[in-house]
Amino acid sequence: MKNLLKILILILFLAASKKEMKSKIQSPKSSDFDLETDLMEFKKRMTDLDTIKLFFNHSVCTYEGYEKIEITKQSDSIKVRTEFKELTTFSKDDSPEWKLVYEKTISENDTIWPFGKFIERNTNRKTYKKKKHATLIIENKKDTIQFYTDGLVDLNHFLEDYYLTMRKIYPENKNGIYGYEPIEK
C-alpha cells in the first residue's frame, strides 16, 4: 500500500511539474517592450505581441499628405505596412482614402533600414507631452512619443532625413512619397 501511495504521489508530482514547464515554454501573455528605451533597437527588442504605429505628417506649405506605418514582429522578422493619404490632389467630389503603399518583411537582424538610427539622430525633436501639429507620432500600447520641428527650414531637414531613411526600405518610392530626386539638366 505504501508503494502504491508513493507511486501515486510521484505521478501527481510529475504531472504538476509537466504542466508548470509547459506554461513556462508557452509564449508570454504580455511584452515588456518600452517605447522610450527600446525604440532605437526595436527590431531586436520587439516581441510577437508588440505593434508600433507611426503617423508621419508630410505636409509642407500648400502640400498636405499623411503616412501611417504599422510595424509588427513575426518570429524573427519585422513586418512594415505603410499607407498614405494625400489631401492636396483630390477633387471636391472625391474623398481621400488611405492607400496601401507597401508591405515589407525584413529580418530582425536587418542592417539596410536604419530607422533606429533616424530616431537617435532626431532625439532633440522628441517630447512625451502631447501637443498639436507633431510631424511624427510613434505609439506602442499606451506610450506615445511625438517629434516636432521648429520652422520651415528645420521641417525640411527633418523631412530629408526621414525620406532618405525610408527609401532604404522602399527604394521603389512610387508616387514620390519619400521626395523626388532632383533632375539635372
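The values are calculated or read from the model by the stated rules, or taken from the named source; none is laboratory data. None of these values were measured; they are calculated from a predicted model. Cβ: placed from backbone, ideal geometry, glycine included. Neighbour counts: every protein chain shown. Surface accessibility is based on the protein's heavy atoms, side chains included, excluding ligands, DNA and RNA. Shrake-Rupley method; radii C 1.70, N 1.55, O 1.52, S 1.80 Å.
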(message) Could you work out what % of the accessible surface of the stretch 90-180 is carbon and sulfur, using a 1.4 angstrom probe and leaving DNA, RNA and ligands out of the count?
(response) 50 percent
(request) For Lys85, go through the aspartates and glutamates and keep the ones whose alpha-carbon is under 12 Å away, minus same-chain ones fewer than eight residues off. (result) Glu64, Glu67, Glu97
(request) Two decimals is fine: what's Rg over Rh for the stretch 92-185, C-alpha atoms, Kirkwood radius as Rh? (result) 0.99
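Tally Lys and Arg at +1 and Asp and Glu at -1 over the other residues with C-beta under 12 Å from the C-beta of Ile138: what net charge comes out?
Details: positive: Lys53, Lys68, Arg125, Lys126, Lys141; negative: Glu36, Asp38, Glu70, Glu139, Asp143.
Summing Lys and Arg as +1 and Asp and Glu as -1 gives 0.
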(request) State, to one decimal in nm, how far the label point of Leu100 lies from the label point of Ile9, with both points 7 Å from Cα in the Cβ direction. (result) 6.1 nm
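So, for the stretch 46-128, what is the accessible surface per residue at a probe of 1.4 Å, expressed in square angstrom?
Details: 4710 Å² over 83 residues.
Per-residue value: 57 Å².
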(request) Can you sort Lys142, Lys79, Lys132 by 1.4 Å-probe accessible area, starting with the largest? (result) Lys142, Lys132, Lys79
(message) Quick check: residue separation of Asp154 and Asn109 times 0.36 nm, minus the Cα distance between them. What number comes out in nm?
(response) 13.0 nm
(request) Can you spot the aspartates and glutamates whose alpha carbon is less than 13 Å from Lys117's alpha carbon? Ignore those fewer than 8 places along the same chain. (result) Asp38, Glu41, Asp161
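Taking the Cβ of Lys68 as the centre, find all other residues whose Cβ is under 15 Å away and add up their charges (Lys, Arg: +1; Asp, Glu: -1). Intermediate results must be reported in sequence, preceding the final value.
Working: positive: Lys53, Lys79, Arg81, Lys85, Lys99, Lys104; negative: Glu64, Glu67, Glu70, Glu83, Glu86, Glu97, Glu103, Glu139.
Around Lys68, the charge tally is -2.
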(message) If I take R0 = 41 Å and measure r between the Cβ atoms of Glu64 and Glu36 in this structure, what FRET efficiency does the formula 1/(1 + (r/R0)^6) give, to the nearest 0.05?
(response) 0.85
(request) Compute the distance in nm between two label points, each set 7 Å from the Cα along the Cα-to-Cβ direction, one at Thr144 and one at Glu184. (result) 4.4 nm
